[in-house]
Amino acid sequence: MSRTPDQHNEPDTRSVILAIELSNPTASPDAHCVALFKEASSKETSPTDELIGSVPIPEGLRSADALMVMIDTLCTKHQITPSMIGRLMVSIGPGGYTALRISSTTAKVLAQTLGCELIAVPSARVAAAAIKRDHRPALITLASKNEHAHCSIVHADGSVESVGVIDAQALDTFEACSIVGDAHLPRSFIDAAKRLGWSAVPIVLDARHMLEAGASIEPIEPIGLSPIYAREPDAITQWRARHGSK
C-alpha cells in the first residue's frame, strides 16, 4: 500500500472505502475481514451495490503484517491504488485483545499514511447490520467469558444501544425477541433466552456490512482510535494477581 513515484501523479479521486472487521475472528467462520467499496454517486444507491471485493478471515491470523498483505492483495486484484482510498472503516470491539490490537494498529498506520478519513465502528453495530427485522429487538452479545458478556440492544428501528457487561440474570430486564451470539455464548444466557421465549441467532461480523454499520459515525483522528475491550487482558489480570494493583 505504499505510494510509488508514479502514484503521486494519479488524480486524488478518493472514491474508495476500505473496511476492516477483525474484532472477533472466531465468531463468524464464513465472514470476510477486509472489504472494498466504491463511494456511492447517489444517496439512493444501495450499500451492497457498492461492494468492489472482499476476502475471508484466514486461519491463524496473528500479525498486523499478515493483515496488510491481505489488504494489499485485495487492492492489487481490483486495481485500487493508495490515492483512491478516501475513507477507512475499522471495527473496534468489544472482541479479542490480539485481534483488536492488530486491526486498530493497522487502521491507525494506514489512515495516517494515506491521509484518509478514519471511522471507528463498534462491533455491535456491525452485528446489528446483519440482523433481520423480524429478529428485532435483539440482544447482541460479544466477548463472552466467565458467565458474562458485553451486550448491546438493537431496537426495532435498527438503532443500537450499548448495555455493557452483564450476566444472564439481567436478561429479564430487556424487551427483546432474540439473542445474538457466537459459539462461546455461556449456557446461562442460552437458557435464560429460551425461558423468555427468545430465538437464538448466530452473530455475523463481516466487513461487507461495515458501510451500513458506520454510515452515521463521524471521522476521528488516528491518534484518537481506541479499541473497546470488554475486560482487561488476561495477561494484565494475571500480572495484577502476582504483583498487586500498584
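The values are calculated or read from the model by the stated rules, or taken from the named source; none is laboratory data. Bear in mind the structure is a predicted one, so any value in this text is a computation, not a measurement. In this analysis, Cβ positions are derived from the backbone assuming ideal geometry, glycine residues included, and neighbour counts consider all displayed protein chains.
Anything in region 159-184 that is part of a helix (DSSP H, G or I) and either modelled with pLDDT under 95 or of a type outside the set (S, T, N, Q) (or both)? List them, or say none.
Correct list: ALA168, ALA170, LEU171, ASP172.
So which residues in region 56-71 are closer than 20 Å to LEU211 by Cα and either modelled with pLDDT of 95 or more or polar (S, T, N, Q) (or both), if there are any at all?
Residue satisfying the conditions is ILE71 alone.
Among the residues of region 185-204, is any modelled with pLDDT of 95 or more, under 14 Å from the mean Cα position of the chain (by Cα) and either farther than 21 Å from ALA27 by Cβ or surrounded by 14 or more Cβ atoms within 10 Å (Cβ to Cβ) (or both)?
Yes - at least one qualifying residue is present in region 185-204.
Taking region 85-99 as the region of interest, how many residues are at pLDDT 95 or above and either of a type in the set (Val, Ile, Thr) or buried (at least 21 other Cβ atoms within 10 Å of the Cβ) (or both)?
9
Would you pick out the residues in region 192-205 that are out of contact with any helix residue (DSSP H, G or I) (no Cβ under 7 Å at 6 or more places or on another chain) and either charged (D, E, K, R) or touching a residue at least 40 places away in the same chain (Cβ under 8 Å) (or both)?
Residues satisfying the conditions are LYS194, ARG195, TRP198, PRO202.
Check every one of the strands (runs of 3 or more DSSP E) wholly within region 44-158 and list those with 1 or more residues that are in contact with a Pro (Cβ under 6 Å, 6 or more places away or on another chain) and not polar (S, T, N, Q).
117-121, 138-145, 148-154
If you scan region 142-174, which residues turn out to be crowded, with 19+ Cβ neighbours inside 10 Å and out of contact with any strand residue (DSSP E or B) (no Cβ under 8 Å at 6 or more places or on another chain)?
ALA168
Being of a type outside the set (S, T, N, Q), surrounded by 22 or more Cβ atoms within 10 Å (Cβ to Cβ) and closer than 30 Å to ASP65 by Cβ is the requirement here; does ALA138 meet it?
No: the conditions fail for ALA138.
Looking at region 65-94, I want the residues that are within 18 Å of PRO227 (Cα to Cα) and touching a residue at least 12 places away in the same chain (Cβ under 8 Å) and have a partner that is part of a loop (DSSP other than H, G, I, E, B) and of a type in the set (D, E, K, R) with Cβ atoms under 6 Å, at least 6 apart or on another chain. Which pairs are those?
Cβ pairs passing all conditions: SER91/GLU21.
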